[in-house]
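Reviewing the structure listed below.
No value in this document is a laboratory result; all are computed from the given coordinates. Given the structure is predicted, the values throughout are model-derived calculations rather than measurements. Note that each Cβ is placed from the backbone with ideal geometry, even for glycine, and that neighbours are counted across all protein chains shown.
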Amino acid sequence: MCARQPNQRHDVKRKPVVPREQVTRDVDEAVAYYLNEANEAVALGFIDALEKAYGHIARHPATGSPRYAHELNLPGLRAWPLTRYPYLVCYVERPDHIDVWRVLHGQRDIPAWMREPDVV
């Protein structure tokens, strides 16, 4: 029987999360929306939720939904939802990093937005 130390964490290898340029625009638009329609606390909450999502997919990249991979015929594409915000992080796991393609509102036509020329 193997005993663990009480405060010992099980370290999982993390891959660096590398957002594409379009992701910066997606995030800027979402933050601007929350600043205009809500307040700074809500906008900062969005950033916090995004950072938590990045942390999750860095440790567990296979847990994202492959739904849009099938719809778009893009093998490896996955989507992970933000907590408390209606956004999805769309990404592909690479051998040495997580390639984040978009951060999109879940009510948008995700396949249409993912077909934009600079995404693929």
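Tabulated values for the structure
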quantity: Dmax and Rg, reported as Rg then Dmax, of the chain (C-alpha, Å); calculated: 16.0, 57
quantity: Cβ charges +1 (Lys, Arg) and -1 (Asp, Glu), total dipole of the chain, debye; calculated: 700
quantity: Trypsin sites (Lys or Arg not before Pro) within the stretch 29-120: DSSP coil, no more than 13 neighbouring Cβ in 10 Å; calculated: ARG84, ARG115
quantity: Summed side-chain charge close to LEU35 - residues other than LEU35 whose Cβ falls under 14 Å, Lys, Arg +1, Asp, Glu -1; calculated: -4
quantity: Full-extension gain in nm, ASP48 to THR63, via 0.36 nm per residue minus C-alpha separation; calculated: 3.4 nm
